[in-house]
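The values are calculated or read from the model by the stated rules, or taken from the named source; none is laboratory data. For clarity, every value in this text was computed on a predicted model and none was experimentally measured. For neighbour counting, all protein chains shown are included, and Cβ atoms are generated from backbone atoms with ideal geometry for every residue, glycine included.
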Amino acid sequence: MYATIIYIMGKLEDIVSLCKRRGFIFPGSDVYGGMAGTWDYGPLGVMLKRKVMQSWWNFWVDQRDDMYGIDAAIIMNPKTWRASGHVDTFNDPLVECKACHNRFRADHLGDFGEGVTTEEFIKADIKCPNCGKKDWDEIKKFNMMFETHVGAVSDDTSIAYLRPETAQGIFTNFKNVVDTIYPDLPFGLCQQGKAFRNEISPRDFVFRSREFEQMEIEYFVNPKEWEQNFDKLLASCHAFLEETMGLPVDKIHDLEVPAEDRAHYSKRTIDIEFDYPIGCEELMGIAYRTDFDLGNIDRESGKSMVYRDKNTGESFIPHVIEPSFGVERLLMAVLTSAYWEDGDRVVLRLPENLAPYRFCVSPLLKNKPELVKKAQEVYHQLKDKYTFVTWDDSGNIGKRYKKQDEIGTPKCVVVDFDTLEDDTVTVRDRDTTEQVRIKIAEL
Ligand code: GAP
């Protein structure tokens, strides 16, 4: 058991180190000593993240007839967050050690639910992870929304929040969409974008960050049909994770969230969990939000959210099924599944559709102009066709293979002296290291 933990913990460190070494993900504000819970994406990381997000958009919006995109503002009227319940209930249990004054999320210090009480906590006899004492203050509710002030005056009337979920920008536009493009139920609105949560203890690389990205779908249904729509969307979530993202099926698990652990708006939630190096943890969730959000907007704004079904003549406030994906958790699952060590070879076995580059083109020797010229021709030919092609003439060929393996490039194409004679190149496979000779025209 101990050995397993060492191995698992080591693996996350290896991935973090690879991400930094190869320009995927850097700690935020690194030059100034960092900013806890924030991460910056480097050239390779941006490519990977964009491909993940683009694949999601393609799967859920472009390929379907019942989903539409939306891109709402991050800063919304604060009434949004009062109506949604976030001002009152978007809290984590905060506990402070009276000896060293470090603060922690109480439910993360033991086997507790989010609703852990001070009595339960004290009874569990928990040691402070910082100083080892057992002298705890009462558990307090800590609201996770980041506050800001809008406009030139900074007082209670100018308070606004950075959105803690992208979902509300969809709900507040429900009527705009219905009145402009007249979609038939059921239909979904999809949004990707930043979300912000003042996590008490951000941790585990990008898994729990203070600034992260969500990809959310609010799927509006007739209340009588919520169950079959929930099941269909759950199946589509699995298809996306397993087929488009290439995650191993045996590492993905559905958890039926018990009523006491569900968010305040949900009547049913399934968390889709993944076997990360840090353990089996939530990758994404799918929730039946009923008419909680549209109902609140209808009441608080005075604007009717009632939908009139022109096919059946029924009028009602639609109910909502919400598949909610976190980009960083998906990236972490993709990176974890792809990371592979073979002796001293480190390989990111990313699916071809996600790898930052599909090909790397090199001349065997950098100091032979005729090889460089030919390799440049091959490079441009492939780049015109596949876009995601890189050029590498640094170091020796062994070092180039090592670098391309670590950034997940599936194929390395090498131009050598034979190429000048017969127009063939060597193509080396990332996963097997096998090399084959192929005509340039057949690449
Ligand atoms: N609109 C529903 C909603 O926001 P959630 O379970 O709080 O539900 C959805 O968040 C997803 O967002 C999570 O499953 C996770 O993938 C991601 N997520 C939530 N908090 C996060 C954090 N602090 N850092 C990174 N990802 C996070």
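Give all pairs with beta carbons closer than 6 Å in which a residue from region 132-149 that is touching a residue at least 60 places away in the same chain (Cβ under 8 Å) meets a residue that is exposed (fewer than 14 other Cβ atoms within 10 Å of the Cβ) and assigned to a loop (DSSP other than H, G, I, E, B); count only pairs at least 6 apart in sequence or on separate chains.
Once the first residue is touching a residue at least 60 places away in the same chain (Cβ under 8 Å) and sits in region 132-149, no partner that is exposed (fewer than 14 other Cβ atoms within 10 Å of the Cβ) and assigned to a loop (DSSP other than H, G, I, E, B) comes close enough.
Within region 306-323, can one find any residue that is more than 30 Å from residue 279 (Cα to Cα), within 16 Å of the ligand (Cβ to nearest atom) and of a type outside the set (D, E, K, R)?
Looking for residues that are more than 30 Å from residue 279 (Cα to Cα), within 16 Å of the ligand (Cβ to nearest atom) and of a type outside the set (D, E, K, R), one finds at least one in region 306-323, hence yes.
Can we say residue 188 is of a type outside the set (A, V, I, L, M), more than 10 Å from the ligand (Cβ to nearest atom) and more than 30 Å from residue 27 (Cβ to Cβ)?
In short, yes.
Go through the residues of region 70-85 one by one and say whether even a single one is at pLDDT 95 or above, assigned to a loop (DSSP other than H, G, I, E, B) and more than 22 Å from residue 197 (Cα to Cα).
No, there is no match, as no residue in region 70-85 is at pLDDT 95 or above, assigned to a loop (DSSP other than H, G, I, E, B) and more than 22 Å from residue 197 (Cα to Cα).
Being more than 6 Å from the ligand (Cβ to nearest atom) and not in a loop (DSSP other than H, G, I, E, B) is the filter here, so list the residues in region 198-215 that pass it.
Hits for region 198-215 are 203, 211, 213, 215.
Results for (1) away from the ligand (no atom under 16 Å from the Cβ); (2) crowded, with 18+ Cβ neighbours inside 10 Å; (3) under 30 Å from residue 209 (Cα atoms), shown as yes or no for each residue.
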position: 331; (1), (2), (3): no, yes, yes
position: 343; (1), (2), (3): yes, no, no
position: 377; (1), (2), (3): yes, no, no
position: 381; (1), (2), (3): yes, no, no
position: 387; (1), (2), (3): yes, no, no
position: 396; (1), (2), (3): yes, no, no
position: 413; (1), (2), (3): yes, yes, no
position: 430; (1), (2), (3): yes, yes, no
position: 437; (1), (2), (3): yes, no, no
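Cβ-Cβ under 8 Å, sequence separation 6+ or interchain: first residue in region 367-390 and at negative phi and of a type in the set (D, E, K, R), partner surrounded by 16 or more Cβ atoms within 10 Å (Cβ to Cβ) and part of a helix (DSSP H, G or I). Which pairs?
Short answer, once both residue conditions are applied: 374/419.
Could you list, in sequence order, the residues of region 69-79 that are surrounded by 15 or more Cβ atoms within 10 Å (Cβ to Cβ) and within 24 Å of the chain's Cα centre (by Cα)?
Result: 70, 72, 76.
How about region 309-421: which strands (runs of 3 or more DSSP E) wholly inside it have at least 2 residues that are acidic (Asp, Glu) and at pLDDT below 95?
So the answer is 339-342.
Which residues, taken from region 96-144, are touching a Lys or Arg at 6+ places or on another chain (Cβ under 7 Å) and part of a strand (DSSP E or B)?
96, 97, 136
Restricting to region 180-197, name every residue that is assigned to a loop (DSSP other than H, G, I, E, B) and over 18 Å from residue 311 (Cα atoms).
Of everything in region 180-197, just one residue is assigned to a loop (DSSP other than H, G, I, E, B) and over 18 Å from residue 311 (Cα atoms), namely 197.
Scan region 285-308 for residues that are of a type in the set (Ser, Thr, Tyr) and assigned to a helix (DSSP H, G or I) and report the count.
1
Pairs please, first residue from region 319-332 and touching a residue at least 60 places away in the same chain (Cβ under 8 Å) and small (Gly, Ala, Ser), second anywhere and assigned to a strand (DSSP E or B) and near the ligand (Cβ under 6 Å from one of its atoms), Cβ atoms under 7 Å, 6+ apart in sequence or on different chains.
Hits for this filter: 324/214; 324/216; 324/284; 324/285; 326/212; 326/214; 326/284.
Counting just the residues of region 277-291 that are surrounded by fewer than 19 Cβ atoms within 10 Å (Cβ to Cβ) and within 12 Å of the ligand (Cβ to nearest atom), which one comes out farthest from the chain's Cα centre (by Cα)?
281
Please enumerate the residues belonging to region 196-206 that are surrounded by 20 or more Cβ atoms within 10 Å (Cβ to Cβ) and either under 14 Å from the mean Cα position of the chain (by Cα) or among the hydroxyl-bearing types (Ser, Thr, Tyr) (or both).
Across region 196-206, the qualifying residues are 196, 205, 206.
Pick from 260, 273, 225, 282: which is in contact with a helix residue (DSSP H, G or I) (Cβ under 8 Å, 6 or more places away or on another chain) and not in a loop (DSSP other than H, G, I, E, B)?
Testing whether each residue is in contact with a helix residue (DSSP H, G or I) (Cβ under 8 Å, 6 or more places away or on another chain) and not in a loop (DSSP other than H, G, I, E, B) leaves just 282.
Could you please give the count of residues in region 231-257 that are part of a strand (DSSP E or B) and over 27 Å from residue 90 (Cα atoms)?
Of the residues in that region, 1 qualify.
A quick yes/no check of all residues on (1) more than 29 Å from residue 116 (Cβ to Cβ); (2) buried (at least 17 other Cβ atoms within 10 Å of the Cβ); (3) in contact (Cβ under 8 Å) with a residue 60 or more places away in the chain; (4) not hydroxyl-bearing (Ser, Thr, Tyr):
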site	(1), (2), (3), (4)
220	yes, yes, yes, yes
228	yes, no, no, yes
232	yes, no, no, yes
243	yes, no, no, yes
249	yes, no, no, yes
258	no, no, no, yes
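For region 9-50, how many residues are over 25 Å from residue 341 (Cα atoms), assigned to a helix (DSSP H, G or I) and not basic (Lys, Arg)?
So the answer is 3.
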